[in-house]
Amino acid sequence: MSSKESILESIKKHTKAKHEMPSLEIKNPLTYADNIKAFCDMEKIVGGTAHVLKEGEDVNEVIKTYFPDAKRISSALPYIKCATYNPNEVEKVQDLNGTDVAVVEGKIGVAENAAVWVSQELEIYKAIYFIAEAVVVLVDRKEIKTNMHEAYAWLEKHDYKFGAFISGPSKTADIEQALVFGAHGARQVLVILT
């Protein structure tokens, strides 16, 4: 018996009472009159930026407007023409270091916390979501869920290898209680609602 099996067996043996899973039904779920406006407002609160793409507006031009000095722009999305390289064509994951902007697709957004679900479908290396100085996430505006309960209900119906919720830029305040952006990921997050 492995040590893991031994530990699990000991836990089972010493568990006195078993409890049923609580109901996940929410009696009065959080709602908004306008999910897109709520998402954009919350994105600002969490330190990111939201841009609602207007009819006829080119997503590539929007990205260049927000990041005019970016030299290394990564994207595996075929319609992102402003990308200077495809992250799937690097020889090793370490070659992603030095990426100014990564442009990725988000599957859903959540109005209550401005979280966006990214899942590793196109990109070979999931590090691209975290190593770039800035991340641009493209999300269909029709896929903005009201709250995390709706988001998790959506996730239960979809398969993915790797996925993560990203809500604004990486931040921490555990060093001398000073808020620092970019500690564990992107310094900037731009969500473009298409």
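Each reported figure results from applying straightforward, stated rules to the coordinates on display, with no laboratory input. Computed from a predicted model, the values in this text were never measured in an experiment. So basically every Cβ, Gly included, is an ideal-geometry build from the backbone, and we count neighbours across all protein chains shown.
Below are the figures for this structure:
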item	result
Relative contact order (percent, whole number), the chain, Cα cutoff 8 Å, 6+ residue spacing	24 percent
Cα-based reach from Lys16 at 20 Å (exclusive), listing lysines while leaving out same-chain residues under 8 positions away	none
The chain - share of DSSP beta bridges that are antiparallel (%, nearest 5)	30 percent
Binned Cα-Cα distances of the stretch 134-194, short to long, each 10 Å bin given as a whole percent	18, 39, 32, 10, 0
Relative contact order %, the stretch 26-130, counting alpha carbon pairs below 8 Å whose residues are six or more apart	28 percent
Alpha-carbon radius of gyration plus Dmax, which is the widest Cα pair, for the chain in Å	19.8, 64
Filtered GluC sites (Glu not before Pro), the stretch 93-177: DSSP coil and at most 12 other beta carbons within 10 Å	Glu176
Between the stretch 129-151 and the stretch 13-85, the Cα center-to-center distance that results, in Å	2 Å
Sum of -39500 (n - 2.57) over DSSP H runs of 4+, divided by residues of the chain (222 nm, nearest 500)	-6500 deg cm²/dmol
Packing-based ranking, highest mean first, of 19-25, 70-76 given that Cβ atoms within 10 Å are counted	70-76, 19-25
Selected from Phe165, Ile124, Val139, residue furthest toward positive end of dipole (the stretch 76-194; charges at beta carbon)	Val139
Cross-link pairs Lys18/Lys157; Lys44/Lys157; Lys71/Lys171; Lys44/Lys171; Lys126/Lys161 - those with Cα-Cα distance over 18 Å	Lys18/Lys157; Lys44/Lys157; Lys71/Lys171
Gain on full stretching of the segment that runs from Glu9 to Ile175 - 0.36 nm per residue minus C-alpha separation	55.7 nm
